[in-house]
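First up is the structure itself, then whatever we jot down about it.
Rule-based calculations on the coordinates, nothing more; no lab input. Bear in mind that the values here come from a model prediction, so they are computed numbers and not experimental data. In this analysis, Cβ positions are derived from the backbone assuming ideal geometry, glycine residues included, and neighbour counts consider all displayed protein chains.
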Amino acid sequence: MADTLTSQQRHTNMAAIHGKDTKPEMIVRHFLWAHGFRYRLNHPRLPGKPDVVLRKYKTCIFVNGCFWHGHHTQVTMHDSQFMIEGSECCRIPRTNTEFWVNKIRRNKERDGEVQRKLAAMGWHSITIWECELKPKVRERTLLSLVYQLDRLFLHDRSVKRYDTPEEEYVMAAEDIE
């Protein structure tokens, strides 16, 4: 299928896409706020400036666009060039393909590096993909997010068990000899 826009129109459209306050990000933020989760946005001291930071849960949430972060794509090397096999939700443009393949590959590498740094700092990372917020699957995705946050909270704050020396327990009404 050929592009119906001129190269200048396509450039203008792509330049108008911003990385903050996107529609998928707003869906997640409104849901979290409505369910009592309080968060910070784009924390500058954390690697990758996560979209949503829940300090109480020590968790960062990244809301990724499928195209920009290469959702369900495979990066392979072929004839000394990187190739990306597209997926249903991430199609690589037919024009300027080499540029887009390299850009998406670098984004995927950077995402992995950021998540490793956060894990080394003791933070949990959750990635929500744009296609997971489509109306048909949105509720399931967001409920799964709440379930995951609850599990992380309980796991991180689980009761510490201390070993006590073995001793005989005596009922309060019994006489001690």
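Annotations
- Under-5 Å amide H pairs with C90, H placed in peptide plane, nonlocal only: none
- Of the peptides 46-56, 4-14, 24-34, the ranking by mean beta-carbon count within 10 Å, highest at the top, reads 46-56, 24-34, 4-14.
- The H on the amide N of T59, modeled in the peptide plane, is under 5 Å from the matching H of L54, H124, each at least 5 residues off or on a different chain.
- Fully extended contour minus Cα-Cα distance, from R55 to K23, at 0.36 nm per residue: 9.2 nm
- For region 107-148 and region 19-73, distance of Cα centres in Å: 8
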